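What follows is a short report on a single structure.
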Amino acid sequence: MTSSDGPLAGITVVALEQAVSAPMCTRTLGDFGARVIKVENPKGGDFARHYDDVVGGLAAHFVWVNRGKESVALDLKSDAGRAVLHRLLERADVLVSNLTPGTTAKLGLSLADLKVRHPGLIAVEIDGYGPGGPLSHKRAYDLLVQAESGACSVTGRPGAPAKPGPPVADVCSGLYAALSVLAMLHARRPGQVTVSLFDTMAELMGYPLTYTRHSGVEQQPLGMGSPAVSPYGAYRTADGQTVVLGTTNDREWQRLATALLNRPDLADDERFRTNAGRVEHRAVLDAEIGAWCARHDLGHVQDLADAAGIGNSRYNTVGDVLVHPHLAARDRWRHLDTPSGPVPALLPPPVISGYDPPMGAVPALGAHTDAVLAELGYSQDEMADLRSGGTIR
């Protein structure tokens, strides 16, 4: 396969999207070869375009999740604008939206409306809390949903909750939406899909919810550790670096105690025989491991850990990852065209044999309006009328 005949070649996706969740869904579909037509408000477009201007005048969020899309600037509050959209949907396979609560219904684009007017369409709506509940009317942003779902309570330190850095509610909801589209395309079955950020985060909270339901204990966050297993955490090294060591079973613990720490007494200690015991006595183990790591440089610790079959990594900053040798060695960086010039971007995670992801350009607002409308049969005079009336840009 080439970028012109990817797994989703021939599939057209229309996006009524903003911020991260729906754009991540449609970008993922585009990475697999689908054509993505992003319909934006002529007055500013997707508000994520304006979060900042650090990428040569473009916003980092927007550049991240909007490559390879065609931008059509269309006023959907006008009858003429909605008529253009419906003509576009007649030719589309998928519609993905994540507008504010109630907006699609006001535009006559609810899932029920679409089922009647475009029965062959796969229509996906990403929202904050899903229909039918007391929070359904609320606006929902990544931080708000992470707080509501309990994710912030299991992140950070006791008494100092934190939001996980990446927007995991947005990103994972977008990926669940993309997965749903793929399933429905595979089944050749049009229909309607809803994905809510809150349901996504409740799913990601599966371990702590299950643990607390059956134990009655709300585990406290441990920074770079895990309440589920021990030893599993970050330790400073003699050269001022931080190594992260992880064990997930009793055999790994035995190897860490004997081959890494050279402490057979710890390996034989009944307190540490099982993971439950090690979790109970975590502070003792962390102190022993921390003292040992503080006497050795990072490279030495990692070499010994690798030789012993102990999971380990180096704590990196964002700047470290930009120059990470593993990404460079595997040729994971490409260049995207943008309205302000080429910029580096990472390839999508899936590596498909014989297929090069398209890595298309980041569009300027309305860059493809005329071309798309011409495909729909609009004449130059008709487009001029629509533009003079503010329907298109």
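Scanning the stretch 346-373 for residues that are under 19 Å from His335 (Cβ atoms), of a type in the set (A, V, I, L, M, F, W, C) and in a loop (DSSP other than H, G, I, E, B) gives Leu347, Val351, Met359, Ala361, Val362, Ala364, Ala367.
Would you be able to say whether some residue in the stretch 167-181 is at pLDDT 95 or above, not aromatic (Phe, Trp, Tyr) and not in a helix (DSSP H, G or I)? Yes, the stretch 167-181 contains a residue that is at pLDDT 95 or above, not aromatic (Phe, Trp, Tyr) and not in a helix (DSSP H, G or I). Being among the hydroxyl-bearing types (Ser, Thr, Tyr) and closer than 30 Å to Leu222 by Cβ is not true of Thr103.
In the condition set (1) surrounded by 15 or more Cβ atoms within 10 Å (Cβ to Cβ); (2) modelled with pLDDT under 95, Asp142 is compliant with all but (2).
Of the residues making up the stretch 154-206, just one is among the hydrophobic types (A, V, I, L, M, F, W, C) and touching an Asp or Glu at 6+ places or on another chain (Cβ under 6 Å), namely Ala169. Among the helices (runs of 4 or more DSSP H) confined to the stretch 1-109, the ones with at least 1 residues that are surrounded by fewer than 15 Cβ atoms within 10 Å (Cβ to Cβ) are located at 60-65, 79-89, 103-106. Exactly one residue among Ser136, Ser153 is touching a Pro at 6+ places or on another chain (Cβ under 6 Å) and not in a strand (DSSP E or B), and that residue is Ser153.
Selection of the stretch 269-328 for residues being within 19 Å of Ser226 (Cα to Cα) and small (Gly, Ala, Ser) yields Ala276, Gly277, Ala283, Ala287, Gly290, Gly311, Ser313. Residues in the stretch 176-228 that are within 24 Å of the chain's Cα centre (by Cα) and among the aromatic types (Phe, Trp, Tyr): Tyr176, Phe198, Tyr207. Of everything listed in (1) assigned by TED's automatic domain parsing to the domain that holds Arg49; (2) surrounded by 13 or more Cβ atoms within 10 Å (Cβ to Cβ), the single unmet condition for Leu304 is (1). Determine if the stretch 334-354 includes at least one residue that is under 21 Å from Thr12 (Cα atoms), touching a Lys or Arg at 6+ places or on another chain (Cβ under 6 Å), touching a residue at least 40 places away in the same chain (Cβ under 8 Å) and crowded, with 17+ Cβ neighbours inside 10 Å. No.
Would the stretch 73-87 turn up any residue that is under 25 Å from Leu175 (Cβ atoms) and in the same structural domain as Val181 (by TED's automatic domain parsing)? Checking the stretch 73-87: not a single residue is under 25 Å from Leu175 (Cβ atoms) and in the same structural domain as Val181 (by TED's automatic domain parsing).
The values are calculated or read from the model by the stated rules, or taken from the named source; none is laboratory data. Since the structure is predicted, the reported quantities are computational estimates derived from the model, not experimental observations. Don't worry about glycine lacking a Cβ; one is built from the backbone with ideal geometry, like all the others, and counts go over all protein chains shown.
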